Amino acid sequence: LGTVAEALAEAVANGFQVEPEAYHLLQELEADQDPVTLIRKAMELKRRRKGFEATIGRADIEDLIPELQLKRAPAEEVEALAPEEIEEEVKVVKDLTGRLKASTVTEGYRNLFLSRYRKLMSIARERPDTRRVVSIANLKRTNNQGEVKIAGLLMEKRIGKGEVDLTIEDETGAIKVRAYDEPARQEAARALLDQLLILDLEGVNRRVPTVKSLYPPDIPDHIPHTASKHVYAVLTSDLHVGSTAFKREAFRRFLEWLKGNLGDRDLVRRIKYIIIAGDLVDGVGIYPDQEKQLEEFSIEGQCRIAAELLLQIPDHIRVFISPGNHDPGRQALPQEAIPPQYLSELYQRPNFTMLSNPAELELHSARLLVYHGRSLDDVISTTPGVSFNRPAQAMKLLLKARHLAPIYGGKTPLAPEDEDHLVIDRVPDIFHAGHIHVLDLETYRGVLIVNSGTWQDQTNYQRRMGINPTPGVVPIVDLATLEVETRNFLEAAREELPAEPGPP
Ligand code: FE
Ligand code: ZN
């Protein structure tokens, strides 16, 4: 039998990257599993796939071992438990509360961007096609007639009639480059400002080199981690309690449904988690003339009403609350959890967990990235081909950029932290955001993307912007399969809820 170190060396020699979790799994495995054989098989399987990524993750190894496969098999085949017996399995993997600078200044971004560049470069370097990156300072000296690869943050983008100009900056300097031909031109047009890009250039000795191709760090193909039993998580956001447009009746119906009073018991009794991705309340002074659309004028009062409602959630359900731009606390990202003085009753309850924005969770090994989604405004308004009615498409661009809020200087205030906490360093299984108020679902390379809609009716602002919100429609994720069901709690949908079993 070979050792784990030998297996690793073999992978590297073949141009493969082994993710730390795959490495740990190899170390944990029983003595009768040969790590070298496993790595060889994993590489072989990868190579057979079209457009494969030369990265071996934990799931790739698990797939090779029947006992582990069984653990991840569809729930029907392994589960004999009654849903009531499902134990909570929760890990808060990332919470920034208490880890941020208290300062509210908006200058001194040097460290933040250096941190962003370095983190994203180390993600990009995991791609085997990104090994030979030349620094911008050395570019003119390469004297290379063929293609040269660079990587850096996109500082400027100008979309012309037949070309797109980009200015790229790395630690050593900046350079202007131009994309003429498809698909490079379209990719360039869709690139987000301040995101990391990897570019293949031609004619580096000319004044403006030509972009042959460009791509973001992206996420590798990914087999999601899932629960071994059918256990459900309700994803929601944007209640906007305190607003005259808050759909109180629909929300009350949702609470009754959670208590099991509206039938649908097969699903309801398997709900163990509710995640609220921000905008619990409408806030005060968030936008001009907001008073006209408020029915509760103090933020404390709004929070009290929200807490009263949420306290009705049955206490076998764990509720996670992450803040949004309407909630109390600082506006600049990242945001710490909503401060205790606003939600003291919820803080005292054992089944409520307050999170920062963003935050990361593991529920029965499924990894959730929870983020309110403020930057989606900037992504949608500056990127051709994405719209407010398909927010999951914009979320996909964030995943590819491996950053939750790349664009600096738009509507999204970023705090000048020394570390960029908005880099997506761990690939999630579920990426949950809100903010746009439109329920939307998408799957990208094995990641379930959910924009969880709202409980607020269309506002004047949204009417002007042509945004059609989907209030009262709630996505529910089966953590065993990552399949999503929805329920509609608006008045009109009352009859659609399955009735209690009884005489016809
Ligand atoms: Fe909102
Ligand atoms: Zn919002």
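The values are calculated or read from the model by the stated rules, or taken from the named source; none is laboratory data. Since the model is a prediction, treat every value here as computed from it, not as a measurement. Using ideal geometry, Cβ is built from the backbone for each residue, glycine included, and neighbour counts are taken over all protein chains shown. Accessible surface areas use protein heavy atoms only, side chains included; no ligands, DNA or RNA. Shrake-Rupley method; radii C 1.70, N 1.55, O 1.52, S 1.80 Å.
Take the Cα pairs of the range 107-199, get the Kirkwood Rh, then feed it into Stokes-Einstein at 10 °C and 1.306 mPa s and tell me D in µm²/s.
My calculation gives 114 µm²/s for D.
Return one whole number: the accessible area per residue of the range 320-380 in Å², for a 1.4 Å probe.
26 Å²
Can you give the relative contact order of the range 365-433 as a percent, counting alpha carbon pairs under 8 Å and 6+ residues apart?
Relative contact order here is 50 percent.
If a/c stays under 1.5 just call it rounded; otherwise compare a/b with b/c (prolate if a/b is bigger, oblate if not). Do that for the chain, with a ≥ b ≥ c from the square roots of the Cα gyration tensor eigenvalues.
oblate
Return the percentage of antiparallel bridges among DSSP beta bridges fully within the chain, rounded to the nearest 5 %.
65 percent
Under a straight-distance cross-link criterion of Cα-Cα below 23 Å, which lysines are reachable from LYS46, leaving out those fewer than 8 residues away in the same chain?
Within the straight-line limit of under 23 Å, LYS46 reaches these lysines: LYS71, LYS400.
Go through LYS46, LYS396 and list them by solvent-accessible area, largest first, probe radius 1.4 Å.
LYS396, LYS46
Is the range 174-278 best put as rounded, prolate or oblate by its Cα gyration tensor, with a ≥ b ≥ c the root eigenvalues, rounded for a/c under 1.5, and otherwise prolate when a/b is larger than b/c, oblate when not?
prolate
Hey, got the dipole for the chain? About the Cα centre, +1 on K and R Cβ, -1 on D and E Cβ, debye to the nearest 20?
2060 debye
Taking the alpha carbon gyration tensor of the range 255-367, what are the square roots of 5 times its eigenvalues, largest first, to the nearest whole Å?
Rounded to whole Å, the semi-axes are 26, 18, 12.
If one computes the Cα centroid of the range 141-211 and of the range 345-401, what distance in Å separates the two points?
Centre-to-centre distance over Cα atoms comes out at 29 Å.
Can you give me the Cα centroid spacing of the range 424-484 and the range 229-278 in angstrom?
Value for the Cα centre distance between the two parts: 14 Å.
What FRET efficiency would be calculated for the residue pair SER122, GLN27, taking the C-beta separation as r and a Förster radius of 22 Å, to the nearest 0.05? Mind dumping the intermediate values first?
Numbers: r = 22 Å, r/R0 = 1.02.
For R0 = 22 Å, the calculated efficiency reads 0.45.
When Lys and Arg each count +1 and Asp and Glu each count -1, what net charge do the other residues less than 9 Å away from VAL93, Cβ to Cβ, add up to?
Numbers: positive: LYS91, LYS94, ARG367, ARG426; negative: ASP95, GLU360, GLU362.
In short, +1.
Based on the alpha-carbon gyration tensor of the range 104-262 and its eigenvalue square roots a ≥ b ≥ c, which shape applies: rounded if a/c is under 1.5, prolate if not and a/b is larger than b/c, or oblate? Write out the running numbers ahead of the final one.
Details: a/c = 2.60, a/b = 2.23, b/c = 1.16.
Because a/c hits 1.5 or more and a/b exceeds b/c, the range 104-262 counts as prolate.
With n ≥ 4 as the cut-off for DSSP H runs, can you work out [θ] at 222 nm for the chain, using -39500 (n - 2.57) per run divided by the number of residues, rounded to the nearest 500?
Value at 222 nm, helices only, nearest 500: -7000 deg cm²/dmol.
Considering only protein heavy atoms and a 1.4 Å probe, what is the carbon-and-sulfur percentage of the accessible area of the chain? It would help to have the intermediate numbers written out before the result.
Values: 10730 of 22040 Å².
C and S fraction of accessible area: 49 percent.
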